[in-house]
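Worksheet for the structure shown next.
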C-alpha cells in the first residue's frame with residue numbers, strides 16, 4: 001500500500017453546497033432563501049425566543065421560583081398529648097375535637113401527629129395519622145379508624161362497578 005493509493009471511505013467527504021451559481025444547479029436565483037422577506041436579507045433573522053410579536057414563552061412564565069402542587073392537602077394537626085383531654089373510652093372525631101378547641105375548621109382534614117404520650121383508651125377517627133401516633137394510641141389499648149378514599153375518576157367520565165361481560169367461545 002502506498003500513499004498514492006489511499007482513498008477516503010465512501011460518504012466520508014461531502015462537497016459543500018454551492019448556492020447562487022445558476023438555476024441549473026438547483027440553488028440559483030433565490031439561493032435557498034425563499035422569496036422576499038426578513039429572512040431573505042443578509043443578517044435577517046429574528047432574535048432567539050421571538051414569537052412574531054405575541055407574548056413570549058419566557059414572559060408567560062411566573063417570575064418567582066417554585067410551583068404550587070395541585071394535589072397538596074393541607075391538614076389541621078393535633079398531637080397525641082392533646083388527646084388526653086378526652087374521657088377514657090371516648091370516640092374522638094372532628095366534631096369532638098372542634099368542641100374541645102383542638103381544631104378550628106370542620107371542613108379541613110385532620111392529621112394526628114405523634115408528639116407526647118397517651119394515657120387513655122380512645123377510638124380516634126381522623127383523615128390521616130403518623131406511624132408513631134398510631135403506635136402510641138394502640139399501645140394505650142385504643143383504636144384508629146381512617147376513612148377509605150373514593151377512587152379518583154376523570155371529570156365527566158362515569159365509571160361502572162359492573163365487570164365487563166366475557167364472551168364464551170362456541
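When the stretch 45-64 is examined, which residues are found to be outside any helix (DSSP H, G or I) and modelled with pLDDT of 90 or more?
Residues satisfying the conditions are 45, 46, 47, 48, 49, 50, 51, 52, 53, 54, 55, 56.
Would you check if there is a residue in the stretch 127-147 being under 16 Å from residue 78 (Cβ atoms), in a loop (DSSP other than H, G, I, E, B), modelled with pLDDT of 90 or more and within 25 Å of the chain's Cα centre (by Cα)?
yes
Can you confirm whether the stretch 65-80 contains a residue that is outside any helix (DSSP H, G or I), in contact with a helix residue (DSSP H, G or I) (Cβ under 7 Å, 6 or more places away or on another chain) and either at pLDDT 95 or above or within 27 Å of residue 145 (Cβ to Cβ) (or both)?
Checked the stretch 65-80: at least one residue is outside any helix (DSSP H, G or I), in contact with a helix residue (DSSP H, G or I) (Cβ under 7 Å, 6 or more places away or on another chain) and either at pLDDT 95 or above or within 27 Å of residue 145 (Cβ to Cβ) (or both).
Name the single residue that is farthest from residue 74 (Cα to Cα) among those in the stretch 95-110 being assigned to a helix (DSSP H, G or I) and in contact (Cβ under 8 Å) with a residue 12 or more places away in the chain.
Looking at the filtered set, the residue picked out is 100.
Picking from 21, 41, which residue would you name as being farther than 30 Å from residue 143 by Cβ and surrounded by 11 or more Cβ atoms within 10 Å (Cβ to Cβ)?
Residue meeting the stated conditions: 21.
What residue, among those in the stretch 111-125 that are surrounded by fewer than 18 Cβ atoms within 10 Å (Cβ to Cβ) and within 10 Å of residue 77 (Cα to Cα), is farthest from the chain's Cα centre (by Cα)?
Among residues in the stretch 111-125 that are surrounded by fewer than 18 Cβ atoms within 10 Å (Cβ to Cβ) and within 10 Å of residue 77 (Cα to Cα), the one farthest from the chain's Cα centre (by Cα) is 113.
Is it the case that the stretch 1-11 has a residue that's surrounded by 10 or more Cβ atoms within 10 Å (Cβ to Cβ), part of a loop (DSSP other than H, G, I, E, B) and out of contact with any helix residue (DSSP H, G or I) (no Cβ under 7 Å at 6 or more places or on another chain)?
Checking the stretch 1-11: not a single residue is surrounded by 10 or more Cβ atoms within 10 Å (Cβ to Cβ), part of a loop (DSSP other than H, G, I, E, B) and out of contact with any helix residue (DSSP H, G or I) (no Cβ under 7 Å at 6 or more places or on another chain).
The values are calculated or read from the model by the stated rules, or taken from the named source; none is laboratory data. Note that the structure is a prediction, hence the values are computed from the model and not measured. Neighbour counts are summed over all protein chains in view; Cβ atoms, including those assigned to glycine, are modelled from backbone coordinates with ideal geometry.
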